[in-house]
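**Q** Take this structure first; my questions come after.
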Amino acid sequence: MTDAIIVEGTRKRYGDKWALDGLDLTVARGTVHGLLGPNGAGKTTAVRAMTTLLRVDEGRVEVAGYDVRRQADEVRRRIGLLGQHAAVDEELGGWQNLEMFGRLHHLGARRARVRAGELLERFGLAGTGRKAVRQYSGGMRRRLDLAASLITDPEVLFLDEPTTGLDPRGRAEVWGAVRSLVGGGTTVLLTTQYLEEADQLADRISVVDRGRVVAEGTADELKARLGGDRIDVVVRDGAQLGVAARLLPDGATVDKDRRLVSAPVADRMAALTEAVRALQEAGVEAEDIAVRRPTLDEVFLHLTGPGQKDTAERGHMADRSEVTA
Amino acid sequence: MSTPMSWAVADSWTMTRRELAHWARQPTQIVVGLVFPVMLLLMFGFLIGGGKGVEGEYVDYLVPGMLALTMAFGLEATMLAVTQDLNKGVIDRFRSMPMVNGAVLVGRSAADMLQSAAALVVMTGVGYVIGWRPHGSTGALLGALGLLLLFRFAMLWIGIHLAMVAGKPELVQAVQILVWPVGFLSNALAEPGSMPGWLGTVVEWNPMSHTATAVRDLFGGPGGEPGHLWAAVLWPLALLAVFFPPAVRKFAALSR
């Protein structure tokens, strides 16, 4: 059996910027694959190319065994798409939406009605009646969107940042729904900015940066490459940063603005005790000492090399992207 | 059953039902859309009145003009609706489904034509109340309404094309303002003979003027000239030939 998704050497240019720059991707049938990357990495462009919404300039894209350019209708019959923005008619009710999408999937009027009822039931939206989607909560809207992507039991389901903008409860709802799909034989391609999300849901993860895949593997394999935990020390006197950096384990980085020294550690507790002792002996006064998981920023620094890092674009991700063990 | 053609019909019907469902949920929008041209008709009929250079009953001159003007103003309504639709996420879902792509536009067309037909009924009704009378045969009356709807259909596709080109709601406003001078640079309200020479020429060239003149002729009222019937048929067809193909092509190639 062929793979569910085959993407080879795809390039797509917008103006003078390559949104996809030689992206390769292979996803085996029945697996959940995560595309992990920051804003602007090319994840959404890749999903749009795979779901027949845009044409790539170069390369080959095959989904469910069909070429997305030459056999777009065959692909469309076999995929479901949950985009970044709710792709449902906000003015209509949930049932009206699903019934309409069922008809447009050519189920016929009767089956479209039955299917709409089933899906509303399955996603806990059966009681919404005529209420317009506009009045739904974020989580409800996302669940309806997901239901709409599943009208025909797609072979390949695309989830483009399915939890961006949702509160923790909404995220948990969507995660639960995605998990319940897996095991039914559906192949899922998931894009996300959050390592935690990829970790929770995906069998394999491709890390995307600047329109290409920079690393691929299972969550454990990727985490092993990250080198595990880090220790952060904030010193009171900026002049002592150099001293502090020498006292910490090898590979320490210095952030002058925040008076911060950060270094990878192998053993959390031993590293903490050792650091406190060493700093005290050297007379370096610390404002804060903490051991933490690596952030996604550091994942990218690690994978793409320091010379290519673009901190301004990625700074906002650090707070939500810690690895859960 | 499942030929491409029958799916095209089925999908177009589904998309038309979508527009009708929107109406059912927001009836005020429809009512406002119908009240506005009636308001203009009453305003020009009573408040401003006159009709420079018109011989005979002004109301018989005004009603056909206002019907044509209402069809012309439909352009901005279509453009606004299409622009709003294009900026909604649901378009991505439509485009990633095996439906017939153009069905979205067919649904829009059907809904807008229905709305315009309703506007014609309401406006001729109000016209009748304020004294307008068609003097021709029933066939001529229906022919006149057909000409107006043909003109509306051309405006509809110009609207769709402009929405494709502009793409952003902000640009709709510019068109909304520009449609006014273009609409009034016609013989909707006054005879071109009463205007300065160059303006009269522009007004006579306006496709809308041909429609209004032919409709006046078919209604048997003042300002009608039989010779304009062909122009009233050919102008909309020419506009459709120019705007329909690129609008459909642009929609098919749409990618953001």
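**Q** Note down, for segment A:1-155, the three equivalent ellipsoid semi-axes (square root of 5 times each alpha carbon gyration tensor eigenvalue), biggest first, whole angstrom.
**A** Value: 31, 18, 13 Å, ordered largest first.
**Q** Binning every alpha carbon pair distance of chain B at 5 Å from zero, what are the percents per bin?
**A** The distribution over chain B is 1, 6, 12, 17, 18, 15, 12, 8, 5, 3, 1, 0, 0, given as percents.
**Q** Put +1 on the Cβ of every Lys and Arg and -1 on every Asp and Glu Cβ in chain B; which of B:Pro192, B:Val202, B:Val31 then has its Cα farthest towards the positive end of the dipole?
**A** Comparing the listed Cα positions along the dipole, B:Val31 ranks first.
**Q** Something else: With an 8 Å cut-off on Cα pairs and a minimum separation of 6 or more residues, tell me the relative contact order of chain B in percent.
**A** 28
**Q** At 222 nm, what value in deg cm²/dmol follows for chain A if DSSP H runs of at least 4 each add -39500 (n - 2.57) and the sum is divided by all its residues, to the nearest 500?
**A** One gets -10500 deg cm²/dmol as the mean residue ellipticity at 222 nm.
**Q** Using only Cα positions of segment B:11-71, each an equal point scatterer, no hydration layer, compute I(q)/I(0) via Debye at q = 0.23 Å⁻¹ and quote the log10 values to two decimals.
**A** Treating every Cα as an identical point scatterer, log10 I(q)/I(0) equals -0.91.
**Q** When Rg is the radius of gyration of the Cα atoms in segment B:24-166 and Rh is its Kirkwood radius, what does Rg/Rh come to?
**A** 1.05
**Q** Give me the mean projected area, in nm² to one decimal, of the convex hull enclosing the Cα positions of the protein assembly as shown.
**A** So the Cα hull casts an average projection of 34.5 nm².
**Q** Considering only B:Ala117, B:Ala77, B:Ala174, give the residue with the highest GNM mean-square fluctuation for chain B, with springs between Cα atoms whenever their separation is below 10 Å.
**A** Fluctuation is largest for B:Ala174.
**Q** Which three lengths, in whole Å and largest first, does segment B:168-256 cover when its Cα atoms are put on their principal axes?
**A** Largest to smallest, the principal-axis extents are 50, 26, 22 Å.
**Q** Moving to a separate point now. Can you give the convex hull volume of the alpha carbon atoms of segment A:158-257 per residue, in Å³?
**A** 158
**Q** Another question about this same structure. As a footprinting exposure proxy, order B:Phe44, B:Phe151 by other Cβ within 10 Å, with the fewest listed first.
**A** Listing B:Phe44, B:Phe151 from fewest to most nearby Cβ atoms yields B:Phe44, B:Phe151.
**Q** Just want to confirm a number: the relative contact order over chain A, from Cα pairs under 8 angstrom separated by 6+ residues, in percent.
**A** Relative contact order comes out at 19 percent.
**Q** Select from A:Gly34, A:Gly184, A:Gly238 the residue whose mean-square fluctuation is largest in a Gaussian network model of chain A (Cα-Cα springs shorter than 10 Å).
**A** A:Gly238
**Q** Neighbouring Cβ atoms within 10 Å as the yardstick, rank A:Thr273, A:Thr128 fewest first.
**A** So the ranking, lowest neighbour count to highest, is A:Thr273, A:Thr128.
**Q** Which of the pairs A:Lys12/A:Lys223; A:Lys17/B:Lys88; A:Lys131/B:Lys88; A:Lys17/A:Lys256; A:Lys43/B:Lys250; A:Lys17/B:Lys168 have their Cα atoms more than 28 Å apart in this structure?
**A** Pairs exceeding 28 Å: A:Lys12/A:Lys223; A:Lys17/A:Lys256.
**Q** Sticking with this one: Per-residue HN-Hα couplings for segment A:12-21, Karplus 6.51 cos²θ - 1.76 cosθ + 1.60 at θ = phi - 60°, whole Hz, x for Gly and Pro?
**A** 9, 10, 10, x, 9, 10, 8, 6, 10, 9
**Q** Let me ask something additional. Expressed as cubic angstrom per residue, what is the convex hull volume of the alpha carbon set of chain A?
**A** 153
**Q** Over all directions, what mean area does the Cα convex hull of segment B:199-242 project, stated in square nanometres?
**A** That works out to 3.1 nm².
**Q** Most fluctuating residue of A:Ile151, A:Ile289, A:Ile205 in a GNM of chain A with Cα springs under 10 Å: which is it?
**A** Among A:Ile151, A:Ile289, A:Ile205, the largest GNM mean-square fluctuation belongs to A:Ile289.
**Q** Listing A:Arg169, A:Arg13 from the residue with the fewest other Cβ atoms within 10 Å to the one with the most, what is the order?
**A** A:Arg169, A:Arg13
**Q** For chain B, what is the mean residue ellipticity at 222 nm derived from helices alone (per DSSP H run of n ≥ 4: -39500 (n - 2.57); sum divided by total residues; nearest 500 deg cm²/dmol)?
**A** -25500 deg cm²/dmol
**Q** Let me have the relative contact order for segment B:109-256, percent, based on Cα pairs under 8 Å that are six or more residues apart.
**A** Once normalised by length, the contact order is 29 percent.
**Q** By the scheme Lys and Arg +1, Asp and Glu -1, what is the net charge of all other residues having a beta-carbon under 11 Å from that of B:Gly74?
**A** -1
Where a number appears in this text, it was derived from the coordinates with a stated rule and is not lab data. This is a predicted model, so every value here is computed, not measured. Cβ: placed from backbone, ideal geometry, glycine included. Neighbour counts: every protein chain shown.
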